[in-house]
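Single-structure report; data block below.
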Amino acid sequence: MNISAKMVMELRAKTNVGMMDCKKALIETTGDMDKAIKYLREKGISKAAKKAERETKEGRIHSYIHGNGKIGVMLEVNCETDFVAKNEKFIGLCKNIAMHIAASNPLAISEENLDPKTIESEKEIYRNKALNDGKPEKIVDKIVEGQIRKFKKENCLLDQEFIKDTDKTIRDLLNETIMAMGENIKIARFVRYSLGN
């Protein structure tokens with residue numbers, strides 16, 4: 001059986017074991033992911049044998065109040081272990097994301113979390129604007145499609161450009177921390193408060 005790089009990466013993500021050991025485990029088990037995890041555990045190779053079964057049940061709730069006291073953010077970020085939850089790099093990630101939320105006011109974590117009614121409302125606005133601007137009917141759908149793509153990028157937290165480094169998105173920032181910590185990390189939820197709203 002041909003063991004793909006994707007399979008090796010998936011096993012590595014689940015076990016935190018080196019690439020060569022993951023590839024060997026997959027070859028030995030003819031590509032069966034569960035058997036490969038068991039193989040690594042039995043050989044004592046897996047540094048975090050239980051990690052494959054663990055969900056992101058640990059983490060922290062981080063609060064951030066903007067300097068003028070008029071904007072506040074409550075954010076939940078999850079990870080696999082309390083060890084990582086107490087790590088300075090993880091705490092720094094939470095702080096950076098909360099500050100970013102305060103500054104950028106996203107509507108949702110990702111595209112999947114956006115309210116479909118909001119998208120439909122935006123489509124209608126973009127369509128009417130294009131028609132009012134005298135755009136030909138045949139290109140209006142393309143215009144609307146482009147505007148919706150831009151709207152999602154600007155309003156979904158993971159797709160927004162990080163305020164401290166616009167060369168990367170919040171998703172990039174999250175992935176960098178996942179690679180550095182060797183654990184799965186997820187933004188679970190957030191609330192942004194603005195005085196009077």
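Quick note: the coordinates plus some simple rules give every number you see, no bench work behind them. All of these numbers come straight from a predicted model, not from anything done at the bench. Glycine also receives a Cβ, built like all others from the backbone with ideal geometry; neighbour counts cover every protein chain displayed.
3J(HN,Hα) along region 74-80: 10, 9, 10, 10, 9, 9, 8 Hz, from the Karplus curve 6.51 cos²θ - 1.76 cosθ + 1.60 with θ = phi - 60°, whole Hz, x for Gly and Pro.
Longest exposed-loop-site-free stretch of the chain, with trypsin sites (Lys or Arg not before Pro), DSSP loop and at most 15 other Cβ within 10 Å? Value returned for the longest uninterrupted segment is 87-163. Given a Förster radius of 25 Å and the C-beta distance between residue 1 and residue 184 as r, what FRET efficiency does 1/(1 + (r/R0)^6) yield to the nearest 0.05? With a Förster radius of 25 Å, E is 0.40. Scanning residues 5 or more positions from residue 29 or on other chains, none has an amide H under 5 Å from its amide H, with H placed 1.01 Å from N in the peptide plane. Sorted fewest first by neighbouring Cβ atoms within 10 angstrom, 110, 121 come out as 121, 110. Each of (i) 37; (ii) 41; (iii) 32 is a candidate for percent of Cα pairs over 30 Å apart; the one calculated from this structure is (ii). Using the Cβ-Cβ distance between residue 120 and residue 66 with R0 set to 45 Å, the FRET efficiency works out to roughly 0.90.
Dividing the mean sequence gap of close Cα pairs (under 8 Å, 6+ apart) by how many residues the chain holds gives a relative contact order of 22 percent. Ranking of 172, 159 by neighbouring Cβ atoms within 10 Å, starting from the fewest: 172, 159. Applying a threshold of 21 Å to the alpha-carbon distances of 117/138; 57/186; 38/186 flags 117/138; 38/186 as lying beyond it.
Do the sum for the chain: with -39,500 (n - 2.57) for every DSSP H run of n ≥ 4, divided by all residues, what is the mean residue ellipticity at 222 nm, to the nearest 500 deg cm²/dmol?
My calculation for the chain gives -16000 deg cm²/dmol from helical runs alone.
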